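Undergrad: Below you'll find the structure I mean.
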Amino acid sequence: MNVYEAISTVTRDLLADGMGKDRKNAQQGFMYRGIDDVYNVLAGLLVKNGLVILPRCLSHTLTEHTSKSGGALYRAVVLVEFDFVSVDG
């Protein structure tokens, strides 16, 4: 399976099975899915379809700001490219 077929199959499987919002934000009361939920669903689909995602960090910056109450706030900006590779070539 080439990389485009693998991406298409992962997408099809993800659409078929879905990804629930099983966590609840206690303060605002909305449901959400966490990054671990996304990773756990995608990891199995990627392995099943022989697809690997390779991140490459192009740049990153970290700046510190002071909050209204005088505490430290940090802002991180990361520019990343991702290569999708099929293990079948």
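The values are calculated or read from the model by the stated rules, or taken from the named source; none is laboratory data. Just so it is clear, the model here is predicted, and its values are computed rather than measured. Glycine gets a Cβ as well: all are built from the backbone with ideal geometry, and neighbour counts include every protein chain shown. Keep in mind that these areas ignore ligands, DNA and RNA; they rest on the heavy atoms of the full protein, side chains included. Shrake-Rupley method; radii C 1.70, N 1.55, O 1.52, S 1.80 Å.
Undergrad: Less than 10 Å Cβ to Cβ from residue 34, Lys/Arg counted +1 and Asp/Glu -1: what total charge do the surrounding residues give? Write out the running numbers ahead of the final one.
TA: Numbers: positive: 21, 23, 33; negative: 22, 36, 37.
Its environment carries a net charge of 0.
Undergrad: At 7 Å along Cα-to-Cβ for each site, give me the label-to-label distance between residue 1 and residue 35 in nm.
TA: In this crude label model, residue 1 to residue 35 measures out at 2.7 nm.
Undergrad: Here's something else I'd like to know. Which one, [x] 20, 15, 11; [y] 33, 22, 8; [z] 19, 15, 11, gives semi-axes √(5λ) of the Cα gyration tensor in Å as derived from the coordinates shown?
TA: The value matching this structure is [y].
Undergrad: With a 1.4 Å probe and all protein chains in place, put 22, 13, 88 in order of accessible area, largest first.
TA: 22, 88, 13
Undergrad: Nearest 10 degrees, 0 to 90: what angle lies between the long axis of helix 3-17 and the longest principal axis of the chain (Cα atoms)?
TA: Here the helix axis deviates by roughly 70 degrees.
Undergrad: Just how much of residue 5 is accessible, in Å², when a 1.4 Å probe is used and the result is rounded to the nearest 10?
TA: 90
Undergrad: Which distance in nm do the two modelled labels at residue 12 and residue 60 give, with both placed 7 Å along the Cα-to-Cβ direction?
TA: Here the modelled spin labels are 3.7 nm apart.
Undergrad: So what does residue 56 come to for accessible area, using a 1.4 Å probe and Å² rounded to 10?
TA: Accessible area of residue 56: about 100 Å².
Undergrad: Starting from the Cα-Cα distance between residue 47 and residue 22, subtract it from 0.36 nm times their residue separation and give me the gain in nm to one decimal. Before the final figure, lay out each step's value.
TA: Numbers: separation 25, 0.36 × 25 = 9.00 nm, distance 2.35 nm.
Length gained, residue 47 through residue 22: 6.7 nm.
Undergrad: In addition: Cα axis of helix 35-48 to longest principal axis of the chain: angle in degrees, 0 to 90, nearest 10?
TA: 20
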